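To start, the structure itself, in structure tokens.
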Amino acid sequence: MAGLYLAFLLVSFAGMLVLDWRYRLALWAAPVPSGLALVLGTLFFVVWDAVGIATGVFVRGDSPLLLGIDLAPHLPLEEPVFLAFLCHLALVTHAAAMRLGARRRRRLDRLAADRRAAPAEDAG
């Protein structure tokens, strides 16, 4: 089943892109800063992996699910795709959390305004 892991990564990445597009969360809401964060985040983690590989912390295990193409020793082709997916997932999750938090704050502000505007009840 060579390539199955890459296929699952690409399908997952496509699903996140569709969610991002549908709700305009990251890349479709702010393409330049989101794209920059995606590229820089992916590069950061590729460098992190390279340091881990060079120090012997990370090694490539054998799996029949990988294509078997290495970009560098112990760095399979699937790794940068996974890292890009991970960065995009973080961007979309953060944007969704910020949007939900803002919606909740607006709702609470409306409730507070309604309470202030309501006439005071007589105690008698």
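A few points about this structure:
- Length released on extending from residue 93 to residue 39, taking residue separation times 0.36 nm less the Cα-Cα span: 17.7 nm
- Answer label, with mean projected area of the Cα convex hull in nm² calculated from the coordinates and candidates [x] 12.6; [y] 8.8; [z] 8.0: [x]
- Seen against the Cα atoms of the chain and their longest principal axis, helix 31-54 is set at about 40 degrees.
- Mean sequence separation of contacting Cα pairs (under 8 Å, at least six apart), scaled by the length of the chain, corresponds to a relative contact order of 34 percent.
Values in this text are rule-based calculations from the coordinates and carry no lab data. Note that this is a predicted model, so its numbers are computed, not measured.
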